[in-house]
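Read the structure below first, then the notes.
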Amino acid sequence: MLNFNFYNPTRIVFGSDTIKQLDQLVPAQARVLILFGGESARKNGTLDEVRQALGNRDVREFGGIEPNPSYETLMRAVEEVRTEKVDFLLAVGGGSVIDGTKFVAAAIDYPNDPWEILQSFGQHIEKAMPFGSVLTLPATGSEMNKASVITRKATQEKLPFMSEKVFPEFSILDPTKTYTLPPRQVANGVVDAYVHIMEQYLTYPADGMVQDRFAEGLLQTLIEIGPRVLAEPHDYELRANLMWAATLALNGLIGAGVPQDWSTHMIGHELTAAFDIDHARTLAVVLPSNLQLRREAKQGKLLQYAERVWGITEGSDAEKIDAAIVRTRQFFESLDIPTRLSDYKVTAGDIDGIISQLQQHGMTALGERQDVNLTLSRQILEASL
Ligand code: NZQ
Ligand code: ZN
């Protein structure tokens, strides 16, 4: 096992009817800004419930944070926080709203141009405003991690940053708040969480026995409940298990002490930035061909994945690996998520542009062994057509 330093200060309040606990979680004298996305939180009553729970606190709202939250919109929120002297932020929404809130929290007192937060991947953040979240979409793990991904529309860039200063103080996870999700977003959530686990699990064996068993348990849970959670949208237990699995997939626990990959994500971010494809769908496209092309370097873990997650015990090593990759692709497709670039109208002629974006963003040595260079990224994209 590798050495590690695991830190996660986020309080999770989980269960139905928990939004009212905001009254204890948000400081009584706080001047609060609620940040939210389009209209879903208003339409399904979550926003009303939040406002009611905040009682007589001084509360303002900032709506309109887009999926793949934009720097341009978030800088308007930064202005509002400054002029209204807000001192506590509350994100109500999915990963985009929580990521956006993290950016606002870090940008308020940032001494330089806030875009530099993304250019330096967050390493110079010294402080951030306190904030909490009410999660409405299980997928990203943003509710319990220190990561955020922001898009600059003007330049079509989508970049991540990370900082221990932007862990939410608390996140409320009420599975009933996910009942109104469209099937497409539920499927996206299952696949995003699945690929988060794969990025931390499917590397090379590092004797992280606990981490491996946790990861395999989470993957099997997603395989088991994925199709059911779509078929039975009001089943509380299924939603609760999806929500907790997605949080545990990316709160640092399963990745501590083991090598991590993340190349599927970094290539996927460029596809979202250039073609506006949903985050999870980019992952469903890139992961199978990424595994296929790196099957030798990943052989040990691919065999373990085949046997322990999919129960594939027959055939040669090569046949087991083939079968595991096929089952992975079929799983994504069973959720109605196409897994080929051509399904999203991306063609061979678009690959040069994606490669030059990767280069521009310094994404030239990705993966657990930093061997995913631009040549390999190109091969992965070509194999994904
Ligand atoms: O905007 P509204 O109207 O709220 O609608 C949203 C949005 O259109 C809707 N939605 C959310 N909750 C709903 C609901 N609709 C009905 N009922 C509800 N309860 O869902 C749509 C998508 O929301 P979004 O927040 O964009 O989805 P998701 O949670 O998948 O977040 C995706 C973003 O997170 C980033 C992605 O890159 C992408 O920008 N990621 C963040 C990570 C992190 N912070 O650690 C890691 C991930 O790998 C990922 O990169
Ligand atoms: Zn993701």
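The values are calculated or read from the model by the stated rules, or taken from the named source; none is laboratory data. Quick caveat: nothing in here was measured; it's all calculated off a predicted structure. Reconstructed Cβ throughout: ideal geometry from the backbone, glycine too, with neighbour counts over all protein chains shown. Only protein heavy atoms, including side chains, enter the accessible area calculation; ligands, DNA and RNA are left aside. Shrake-Rupley method; radii C 1.70, N 1.55, O 1.52, S 1.80 Å.
The table below lists the values:
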| item | result |
| --- | --- |
| All helices (runs of 4 or more DSSP H) inside region 259-307 with 1 or more residues being within 16 Å of ligand 2 (Cβ to nearest atom) | 263-275, 279-293 |
| Lone qualifier among ILE34, ILE98, ILE19 - being aliphatic (A, V, I, L, M) and either open to solvent by 20 Å² or more (accessible area, probe 1.4 Å) or within 16 Å of ligand 2 (Cβ to nearest atom) (or both) | ILE98 |
| Identity of the residue in region 122-141, within 15 Å of ligand 1 (Cβ to nearest atom) and out of contact with any Ser or Thr (no Cβ under 8 Å at 6 or more places or on another chain), that ends up nearest to GLU169 (Cα to Cα) | THR140 |
| Residue list for region 122-132, restricted to those being of a type in the set (A, V, I, L, M, F, W, C) and open to solvent by 90 Å² or more (accessible area, probe 1.4 Å) | none |
| Residue check, ARG327 in contact with an Asp or Glu (Cβ under 7 Å, 6 or more places away or on another chain), under 21 Å from GLY226 (Cα atoms) and not in a loop (DSSP other than H, G, I, E, B) | no |
| Residue list for region 305-338, restricted to those being among the polar types (S, T, N, Q) and crowded, with 17+ Cβ neighbours inside 10 Å | THR328 |
| All positions within region 271-305 that are in contact with a Leu (Cβ under 6 Å, 6 or more places away or on another chain) and under 29 Å from GLU66 (Cα atoms) | ILE277, THR282, VAL285 |
